[in-house]
Each structure stands twice: as structure tokens, then as C-alpha cells.
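Reviewing the structure listed below.
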Amino acid sequence: MRYFVCVVEQGSMSRAAVELDIVQPALSQQIAKLEGELSTRLLQRSSKGVTPTEAGLAFLQQAQLALRHADEAVRAAQQSRLSGVVSVGLAPTTASILGLPLMVAVRERYPDVRLHMVESLSGHLSSMLNGRQLDLAVLFDTDPGRRWSVTPLIEEKLYLIQARGPGRASLPARIRLADLKDFPLILPSGSHGLRSTLDAALSTSRLRRLLPVEIDSLAMLMEAVRAGLGCTIQPRAALARFADADEAFEVAEITDGRLRRLNSLCSVSDEELSPAARAVRVALADCARELVRTGRWVGARASHHAN
């Protein structure tokens, strides 16, 4: 349709071909195909150029109108970009890796969407999601009884982490789950996802429960570890905000293959999510997988259960 209108406006197949940046035989073929579909001749060809037939004039008027409506539809779609506020909850370890890339991605993809980022331990985020204070959250403990939309996202290895320092025995590169009882541990309390994962692994292995010092703040917990008050069990992401992590801490990978922390992307039901929130959910999943693919999310892999 655009080709036909351009040919009529230029009055010449050759000039129209130049304007449309295609070769003249291809343009002639397209016009002939259009005339064949309509079963009528639209253009009168002569040595001086082309002019529309009576049928061509009738088609031209409607074609110009249709193209104008199509252009207006494109403009309307571009002007009605996604907008609104989307609340996203991330645990501190997850936020240290995913928070900034997510903000950059949303700004680039959806400049009219405003993110409300909440960083808190996963137990608190679960309560906020239940209370509809969040649209989305990355959680570790997903109760199937809750009416959430849940997508398994990332699996993280867990490590025993302790401070480097004189008088402290170095950690081996790898350590067994059964050996954790020999270390003074500092962990979040039982209401949070990491602790639930550890307790479940210990119970299935018939090992005694851990009796750690409990701190429900990652920043305070890691400062206590750095001060030599104990060790902790965390993914490598817990060290992401320490510029001197390699000098200040040492880690031992926990070898029990069942001890993995699953990061699941959770949201309120799709019916309750705004279009902007659904778009941010896609952007978040894309960011997480890209961080794993490029090796920036150390010790993580895409979940086998993820779509």
C-alpha cells in the first residue's frame, strides 16, 4: 500500500524506487501483485510515467487514509509507554548483586516506570508481599499455601565464611555439612529463608541442629564475622559489598549437593499485577540470568526449574 501511494505521488516507477530505496523491478513486481490481488488495474503506464486509473484513484484515497490511521496507531502506542510505581523486595545478599543492574535495566527499558526498592531479610519480605506492600520479591522460602505467582530463578552454593587473621586456622577449600557443628556460627533466626534451608538440610541428614548466635541484619552479621566473633554460612554474594573481601575473609564451599539456596521470583497474582509490574518481573528475571551467564553472580546457576 505504501509502495503504491509513493508511485502515484512520484508519478514514476524509477523515482519511487529511489525514494523507497528498492530496485525498480522489485517495486514493479509488488505493484503487479497488488493489482492481481485486487483483480483490477491501478496504474496506467506510459513513456512519460504512471498515472492512476479510476480504480487507482479510488484505492489511493482509502490507502492514504489507512496509512494515516496506521501511523497514528504507532504514535499512540509509543506515547502510551508503561508508567507507574513498582515495588520490588530483595534480600541483602541478592540486592548486593541484582539491585543496581535491575535499576539500570528498568531505566533503559521503561523510563516512565519508577521503582520502589526494598531491602530486607526474606522473612520480612514475605510478610510485605502477603500484605500487598510489594508487587515482586526474590524469596528463598516459598510456602505453596500462599497465593503467589512463583518462578524458580537462581540456585546458589553456600559457603562457610570466616575472617582472616592471626591465630585462626585456615579453612579448607571444601567442607562437609557434618563438620559445621565444630564452628562457632552466626546466622539469621529461623524465620528467614537461609536458616530454613540450613535447618531442612540438617534434619534430612540426621545431624544435630545448629545453635548459632542469631543476628537478623546482614550488615551487622558480617561485621561480627569480620571482627572474629564467629563464622557464618552464606552465598558468595554476602561478600559483594566488601571491597577488600579477598583480604578480609576466607571461604569454604559446603560440599553437600543438597545444600543450595533457591532464589524464587515471587509476586502477587497476575490479576493483581499492573502492566508495569509484569514488565519489571520480566526485566528482573533477564538481569538475574545475565549475571549468572557472565559470571558476575559467583557461585550461582540458573535453576533447573526455571522457565
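The values are calculated or read from the model by the stated rules, or taken from the named source; none is laboratory data. Computed from a predicted structure; not experimentally measured. Positions of Cβ are backbone-derived with ideal geometry, glycine not excepted, and every protein chain shown enters the neighbour counts.
Per the listing Glu35, Glu72, the residue uniquely surrounded by 15 or more Cβ atoms within 10 Å (Cβ to Cβ) and among the charged types (D, E, K, R) is Glu35.
Restricting attention to the stretch 225-267, the residues that are within 18 Å of His192 (Cβ to Cβ), part of a loop (DSSP other than H, G, I, E, B) and in contact with a strand residue (DSSP E or B) (Cβ under 7 Å, 6 or more places away or on another chain) add up to 2. Going residue by residue through the stretch 254-267, is there one that turns out to be under 25 Å from Ser87 (Cα atoms), surrounded by 15 or more Cβ atoms within 10 Å (Cβ to Cβ) and modelled with pLDDT under 90? Within the stretch 254-267 (the criterion being under 25 Å from Ser87 (Cα atoms), surrounded by 15 or more Cβ atoms within 10 Å (Cβ to Cβ) and modelled with pLDDT under 90), the answer is yes, since at least one residue qualifies.
Filtered by the rule that a residue be more than 15 Å from Gly99 (Cα to Cα), in contact with a Leu (Cβ under 7 Å, 6 or more places away or on another chain) and among the hydrophobic types (A, V, I, L, M, F, W, C), the stretch 269-287 gives Ala276, Ala277, Ala279. Among the residues of the stretch 268-297, those identified as in a loop (DSSP other than H, G, I, E, B), surrounded by fewer than 17 Cβ atoms within 10 Å (Cβ to Cβ) and at pLDDT 90 or above are Thr294, Gly295, Arg296.
It is to be established whether one or more residues within the stretch 155-171 are among the aromatic types (Phe, Trp, Tyr) and under 22 Å from Ala240 (Cβ atoms). Yes: the stretch 155-171 contains one or more residues that are among the aromatic types (Phe, Trp, Tyr) and under 22 Å from Ala240 (Cβ atoms).
For the stretch 78-91, the condition of being under 35 Å from the mean Cα position of the chain (by Cα) and over 30 Å from Ala288 (Cβ atoms) holds for at least one residue.
Scan the stretch 165-204 for residues that are in contact with a helix residue (DSSP H, G or I) (Cβ under 6 Å, 6 or more places away or on another chain) and assigned to a loop (DSSP other than H, G, I, E, B) and the total you get is 3. Of all residues in the stretch 143-183, those satisfying the criterion of being out of contact with any Pro (no Cβ under 9 Å at 6 or more places or on another chain), of a type in the set (Asp, Glu) and within 30 Å of Ser267 (Cβ to Cβ) are Asp143, Glu155. If you filter the stretch 92-116 down to residues that are closer than 19 Å to His192 by Cβ and without any contact (Cβ under 8 Å) to a residue 60 or more places away in the chain, you find that the one that is nearest to the chain's Cα centre (by Cα) is Gly99. Looking at Leu211, Leu198, Leu194, can you tell me which residue is surrounded by fewer than 13 Cβ atoms within 10 Å (Cβ to Cβ) and either under 22 Å from Ala300 (Cβ atoms) or not β-branched (Val, Ile, Thr) (or both)? After ruling out the rest, the residue left standing is Leu211. State which residue is farthest from Leu158 (Cα to Cα) when the search covers only the stretch 70-100 and only residues that are small (Gly, Ala, Ser) and modelled with pLDDT under 90. This residue is Ala70.
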